[in-house]
Each structure stands twice: as C-alpha cells, then as structure tokens.
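To keep things clear, I will list the structure first and then write my remarks on it.
Every read-out reported here was derived from the displayed coordinates using simple, explicitly stated rules and does not represent laboratory data. Just so we're clear, the structure is a prediction, and the values are computed from it rather than from any experiment. Heads up, the Cβs are rebuilt from the backbone with ideal geometry, glycines too, and the neighbour counts pull from every protein chain shown.
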Amino acid sequence: LNQHAPVLGPDAVHQSDPVNIFRDDGRVYACYLGYADSGAFVDTGIYVTQSTDGGITWGNTVMAVTEAPTYSTDKQWLAVDNNPASPFYHRMYLSWTEFGGCNACIHFVYSTDSGLTWSPRTFQLSASGNQQFSMPTVLWNGNVFVNWAQGGTIFYRISTDGGVTFSAQSTAGTMNTNLSMAGRNWRINAIPVAA
C-alpha cells in the first residue's frame, strides 16, 4: 500500500528523510520532514505520526518541531525507550540539524505522552557550524545517548534524566569522510550510527 505521509496543512507539499521506529507494544512511529520550496511555512517542520496496525493506517499526526522562514530543520532522527524497567519507559526522543538561526547546530526535544506533544524546540545540543547526522539512542538503563558528526569528528552527549539535561559535549572518535567515487557526481556522506 503506497500512501503519502500525513501532514497538517497545504504548505508541507514535500516529505523526506523518513525514520521509522517500533515501540515494544507494537506501535510504530514515522518521523519525517514536511517542507515547501517557498511560501508561508505555516505547517512545515518535523512531523511524527503513529500506527497501531503495523503501518496500514496512520493517525495522531503532530508537528513535533515547527519551522519558520528564518530557520529550517534537516536530518531528524527518533528513538523510544522500550525498557519496562527504565524510569523513562516509552519516553520518545528527537534530534535534528537546524539551519538558519544557529548555522547547522544540533537541537533536541522529547515527548512524555507517546509523541502527542513535545518539549520546547529551544534546547541546543551542539555549538554552531556544520553539525549533522544526529542520532538519539536509548541505553539499557534509560540514559539517552545522542551522537552527531562535524566533518570527520563524531561528538556525543548523554542525558541521565530523560533528556532534560545533558553532560558536556565529548568526542567519540573520527571517521573517514573521503567517500568520492571517480567519474560520478554523487553526494556520499559518512553517517555515524550508534547501536
């Protein structure tokens, strides 16, 4: 069954960068960008929708992060705490790159009600300047690990209180970003992935 990702209004004419995650009770979430080439930017940003029937139908669509003409969102990623022993069981976490206001820095929000509402979009995880490919990962004890790249360096921060506060930024390591292929005009990025 091929269907468009649900949006909340007429401006988000394009959708991209989909991320799907499953909760331990079988609920599946889809997170994606809704954007326009130009216009009012009233309903553009990062969307989250959910399905309780394995992805056949989708509902409870919300815009977790709104955009405006002065900033834009990119390369979002979503995680959920699936550990019943965690103090933050079923809390959801979302990070993305923000362009415009902070010149490609990493931002972060969380949801305590199954993705229906999200914390304010003002929390900035990284410094400004060419930060990309963030990924939140929930650890076995409920801590949240968020990593991202700046050029060939991988950074991370950890939260022990459900995404409310984070440790200082640390360096995890480096990676090879020279991924060009002779005779080809492709955009090939090295993307750090946590597991």
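One table, with the values for the structure above:
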| item | result |
| --- | --- |
| Positive dipole terminus of the range 33-186, leading residue within Trp96, Trp148, Gly163 (C-beta point charges) | Trp148 |
| Gain on full stretching of the segment that runs from Ser114 to Asn141 - 0.36 nm per residue minus C-alpha separation | 7.8 nm |
| Prolate/oblate/rounded label for the range 20-59 (Cα gyration tensor, a/c 1.5) | prolate |
| Rounded to the nearest 20 debye, dipole of the range 7-140 from Cβ charges on Lys, Arg, Asp, Glu | 260 |
| The range 91-195: mean projected area of Cα convex hull, nm² | 7.8 |
| Whole-number percent relative contact order across the chain, with pairs defined as alpha carbons under 8 Å at least 6 apart | 13 |
| Label-to-label distance, nm, for residues given as Val42 and Val193 (7 Å Cα→Cβ offset) | 3.9 |
| Sum of side-chain charges, Thr52 neighbourhood, beta-carbon under 12 Å (Lys, Arg +1; Asp, Glu -1) | 0 |
| Cβ-based charge dipole, the range 34-147, positive-most Cα from Thr49, Val109, Asn60 | Val109 |
| Sequence ranges 90-96, 119-125, 133-139, 2-8, ranked by mean other-Cβ count within 10 angstrom, highest first | 90-96, 133-139, 119-125, 2-8 |
| Radius of gyration and Dmax over the Cα atoms of the range 1-149, both given in Å | 14.9, 46 |
| Computed label-point distance, nm, for sites Phe99 and Ile21 using a 7 Å Cα→Cβ extension | 2.4 |
